[in-house]
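Just below is one structure, and these are the notes that go with it.
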Amino acid sequence: MSTTQNPPRQMMFQLSLRRRGISDQAVLRAMEEIPRDMFVEAADRAHAYRDSALGIACGQTISQPFVVAYMTEQLQLQQNHRVLEIGTGSGYQAAILSRLCGHVLTIERYRTLADRARARLAELGCDNVEVTLGDGFDVPADAGNFDRIIVTAAMEQIPDALAQRLKPGGVLIAPVGPHQGTQTLVRLVRTDAGFERKQLVDVRFVPALPGIAREL
Ligand code: SAH
């Protein structure tokens, strides 16, 4: 795997995640191994290991590293899991997921972002990730059901059709709330009786919008 980060910077990155409460060793290792500087815009490379979201093409963002690590930790991934991500963006979250589960299907509504993410993930050898141009509000039926679902764009509510794509015992995490302003991360677990819902922390994500984007 190619990495362009220098060790002190990488150590500081790890340290800041630990300090903020990320303790899952496998998650920390994945965050260490995936070079975030490959996923940001060229002009932002110097800031790639700061704990902040950054702008990417199509007016979208790559999430803050802490939020990526936190959501990943909350998913409690296993190596045999099939995972669905809605909102590929840069592909960074998908790359982190790919180290910790069996297969990732990630859906993006902008062709430019999907194409760039696919190229980066191939370069990194993340060959268990499938990047698809599509609408996360309308996941193709033939994609089947998932052990884990992670939504990385703000939804006003979690569509029932999406929750129904969880396998029994499956976990879904999504930022839920108004498109403008703050959302709350919600964790749904599919139980025999239905769904268990828990609110986690407040976050800010770009909105989940319906349909494939008309502009590239
Ligand atoms: N996970 C990304 C960050 C996502 S930003 C990363 O690691 O970089 C949110 C992304 O969700 C944006 O790229 C946006 O275009 C996409 N998105 C918004 N609504 C969507 C939808 N209905 N289906 C698929 N992708 C969507």
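The values are calculated or read from the model by the stated rules, or taken from the named source; none is laboratory data. Being a predicted model, the structure only gives us computed values, none of them experimental. Here the Cβ is made from the backbone with ideal geometry for all residues, glycine too, and neighbour counts use every protein chain on show.
Tabulated values for the structure
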| quantity | calculated |
| --- | --- |
| Unique residue being small (Gly, Ala, Ser), closer than 25 Å to Ala69 by Cβ and out of contact with any Leu (no Cβ under 6 Å at 6 or more places or on another chain) when the list is Ala141, Ala117 | Ala117 |
| Residues (over 16 Å from the mean Cα position of the chain (by Cα) and part of a helix (DSSP H, G or I)) located in the range 107-148 | Arg111, Thr112, Asp115, Ala119, Ala122, Glu123, Ala141, Asp142, Ala143 |
| All positions within the range 99-118 that are more than 9 Å from the ligand (Cβ to nearest atom) and either surrounded by 24 or more Cβ atoms within 10 Å (Cβ to Cβ) or acidic (Asp, Glu) (or both) | Val104, Asp115 |
| Test result for Ala94, without any contact (Cβ under 8 Å) to a residue 60 or more places away in the chain and either surrounded by fewer than 22 Cβ atoms within 10 Å (Cβ to Cβ) or over 12 Å from the mean Cα position of the chain (by Cα) (or both) | no |
| Residue tally, condition exposed (fewer than 15 other Cβ atoms within 10 Å of the Cβ), aliphatic (A, V, I, L, M) and within 15 Å of the ligand (Cβ to nearest atom), over the range 140-165 | 1 |
| Out of Gln60, Gln76, sole residue that is closer than 24 Å to Ala161 by Cβ, more than 10 Å from the ligand (Cβ to nearest atom) and not β-branched (Val, Ile, Thr) | Gln76 |
| Those residues of the range 22-40 which are surrounded by fewer than 18 Cβ atoms within 10 Å (Cβ to Cβ) and of a type in the set (Lys, Arg), in sequence order | Arg29 |
| Only listed residue being surrounded by 15 or more Cβ atoms within 10 Å (Cβ to Cβ) and either farther than 21 Å from Asn80 by Cβ or in contact (Cβ under 8 Å) with a residue 40 or more places away in the chain (or both), chosen from Arg197, Arg204, Arg214 | Arg204 |
| Test for Pro168: is it loosely packed, with under 14 Cβ neighbours inside 10 Å and outside any helix (DSSP H, G or I) | yes |
| Scope the range 195-209; condition in contact with a Gly (Cβ under 9 Å, 6 or more places away or on another chain) and within 12 Å of the ligand (Cβ to nearest atom); matching residues | Val203, Arg204, Phe205, Val206, Ala208 |
| Scan of the range 19-28 for residues that are closer than 20 Å to Ala95 by Cβ and either in contact with a Phe, Trp or Tyr (Cβ under 7 Å, 6 or more places away or on another chain) or at pLDDT below 95 (or both), ordered by number | Ile22 |
| Any hit, the range 72-89, residues being in a helix (DSSP H, G or I) and in contact with a Lys or Arg (Cβ under 8 Å, 6 or more places away or on another chain) | yes |
| Whichever residue in the range 171-194 is within 16 Å of the ligand (Cβ to nearest atom), surrounded by 13 or more Cβ atoms within 10 Å (Cβ to Cβ) and on the phi < 0 side of the Ramachandran plot and, among such residues, is farthest from the chain's Cα centre (by Cα) | His179 |
| Condition check for Leu121: farther than 17 Å from Ile212 by Cβ, at pLDDT 95 or above and more than 12 Å from the ligand (Cβ to nearest atom) | no |
